[in-house]
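The values are calculated or read from the model by the stated rules, or taken from the named source; none is laboratory data. Worth saying up front: this structure is predicted, and the values here are computed from it rather than measured. Here Cβ is always computed from backbone atoms with ideal geometry, including for glycine, and neighbour counts include all displayed protein chains. All accessible areas refer to the heavy atoms of the entire protein, side chains included, with ligands and DNA or RNA removed. Shrake-Rupley method; radii C 1.70, N 1.55, O 1.52, S 1.80 Å.
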Amino acid sequence: MGSTAGDKATGDKTPTDEASPTQEKPLIPLKVMLDWYTNPGHGPLVLAQELGLFKQHGLEVELIAPADPSVPPKLAAAERVDIAISYQPQLHLQVDQGLPLVRIGTLVATPLNVVVVRADSDIKSIADLKGKRVGYSVGGVEEVLLSTMLQHSGLSLDDITLTNVNFSLTPSLLTRKVDAVTGAFRNFELAQMAQEGVKGRAFYIEEEGVPTYDELIFVANSDSYSRKHAQYAAFLAAVGEATAWMINHPDKAWEMFRDSDPALDTPLNKKAWYATLPRFALRPAALDAGRYRDFENFLFERGMIKQRQSLSHLAVDVNAP
């Protein structure tokens, strides 16, 4: 993934068309661990690499896909990697458990989590889940989110049958093993269902009583923040520039993303690309303090964390004075 925009986006002005730095400085290495295998949700990072923006900001960034999606925040906490992609709900739990982590930026600025049903089912609202089988992959926060959505419609977990389908969310719906699934991602599962000829219906958690939150965030070791602040700021600046370029050139950006790795060239990824595009944070470093405070309170009130943390223990704005 070392090519520049000039190689792939001929005819479109790219950030690398600007004047290059007049003096050569050694690039600072930065290890960034993704939350899972490379997918359209990582578009700004891949594009920042392809457009040469990381290097333009003095960084030599290595993007690493984990074998286990639970590992990245732990490796960031242990400073085995400099930055990890994680999820805001998990950050609150991990800081409560004592992991030295802090949010330094945002990648996807809206929840992606949804409850999905088949459009040809009789479930038209959350209230219609009464007596139905709901599949899930991971307990904990996912169960709390579902419980809150049910309460918002006058139901409780006792009104449904929870079924662990592991990570077979879409197959379980397609085969009618369950009537609904929670923990699906709105930019993937709906496209996956459509690809199989089945239309889905989504219920968005932020419209069903759950405080909105950042889905994908960048986390780092909180103790090393001061020492690596300049690198973090440069990294987020490059990601922000890549995101702006993607918004301006969505088709060229898809082609560049697709061409960076042959495994990415799938119909599902193309659908997911355009579904994810409007959800990327246009200002990755910007911090919505209320969003973190409200979600911290939400988890505390539901017994998911032992004590409330101050904002500074959860998140920072690298551009703050």
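Values for this structure:
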read-out: Some residue of segment 211-233 being modelled with pLDDT of 95 or more and within 14 Å of VAL115 (Cα to Cα); value: no
read-out: Answer residue from segment 198-208, given it is of a type in the set (D, E, K, R) and touching a helix residue (DSSP H, G or I) at 6+ places or on another chain (Cβ under 8 Å) and is farthest from GLY41 (Cα to Cα) among those; value: GLU208
read-out: Qualifying positions in segment 206-224 - out of contact with any strand residue (DSSP E or B) (no Cβ under 6 Å at 6 or more places or on another chain) and either closer than 23 Å to TYR274 by Cβ or aromatic (Phe, Trp, Tyr) (or both); value: GLU206, GLU207, THR212, TYR213
read-out: Hey, SER224 outside the structural domain of PRO72 (by the TED database), surrounded by fewer than 21 Cβ atoms within 10 Å (Cβ to Cβ), among the hydroxyl-bearing types (Ser, Thr, Tyr) and assigned to a helix (DSSP H, G or I) or not; value: no
read-out: Criterion (among the charged types (D, E, K, R), crowded, with 16+ Cβ neighbours inside 10 Å and more than 23 Å from TYR232 (Cα to Cα)) met by exactly one of ASP82, ASP159, ASP122, ASP128; value: ASP128
read-out: Residue among GLN231, GLN192 that is buried (at least 16 other Cβ atoms within 10 Å of the Cβ), part of a helix (DSSP H, G or I) and in the same structural domain as ALA127 (by the TED database); value: GLN192
read-out: Hits in segment 302-317 - residues which are loosely packed, with under 13 Cβ neighbours inside 10 Å and assigned to a helix (DSSP H, G or I); value: SER312
read-out: Restricting segment 23-49 to residues that are of a type in the set (A, V, I, L, M, F, W, C) and touching a Phe, Trp or Tyr at 6+ places or on another chain (Cβ under 7 Å), the residue that is surrounded by the fewest Cβ atoms within 10 Å (Cβ to Cβ); value: LEU30
read-out: Extreme residue, nearest to ARG227 (Cα to Cα), among residues of segment 43-92 that are β-branched (Val, Ile, Thr) and in a strand (DSSP E or B); value: ILE83
read-out: Within segment 209-233, tally of residues that are at negative phi and in contact with a helix residue (DSSP H, G or I) (Cβ under 8 Å, 6 or more places away or on another chain); value: 15
read-out: Condition broken by ASP7, with the remaining ones in (1) part of a helix (DSSP H, G or I); (2) at pLDDT 95 or above; (3) open to solvent by 80 Å² or more (accessible area, probe 1.4 Å) satisfied; value: (2)
read-out: Qualifying residue in segment 64-77 (condition: among the acidic types (Asp, Glu) and either outside the structural domain of LEU45 (by the TED database) or touching a strand residue (DSSP E or B) at 6+ places or on another chain (Cβ under 8 Å) (or both)); value: no
read-out: Qualifying positions in segment 172-182 - open to solvent by less than 40 Å² (accessible area, probe 1.4 Å) and outside any loop (DSSP other than H, G, I, E, B); value: SER172, LEU173, ALA180, VAL181, THR182
read-out: From PRO211, PRO267, PRO262, residue being open to solvent by 10 Å² or more (accessible area, probe 1.4 Å) and under 29 Å from VAL144 (Cβ atoms); value: PRO211
read-out: Every pair of residues 6+ apart whose Cβ atoms lie under 7 Å, when the first sits in segment 88-115 and is on the phi < 0 side of the Ramachandran plot and without any contact (Cβ under 8 Å) to a residue 60 or more places away in the chain while the second is among the small types (Gly, Ala, Ser) and open to solvent by less than 20 Å² (accessible area, probe 1.4 Å); value: LEU99/ALA77
read-out: Conditions (1) more than 19 Å from VAL116 (Cβ to Cβ); (2) buried (at least 21 other Cβ atoms within 10 Å of the Cβ): number failed by PHE185; value: (1)
read-out: Single unsatisfied condition, ALA202 versus (1) buried (at least 21 other Cβ atoms within 10 Å of the Cβ); (2) in a strand (DSSP E or B); value: (1)
read-out: Residue in segment 221-230 that is in contact with a Pro (Cβ under 9 Å, 6 or more places away or on another chain) and among the aromatic types (Phe, Trp, Tyr) present; value: no
read-out: Filter result (of a type in the set (D, E, K, R) and surrounded by 17 or more Cβ atoms within 10 Å (Cβ to Cβ)) within segment 289-301; value: ARG291, ARG293, GLU296
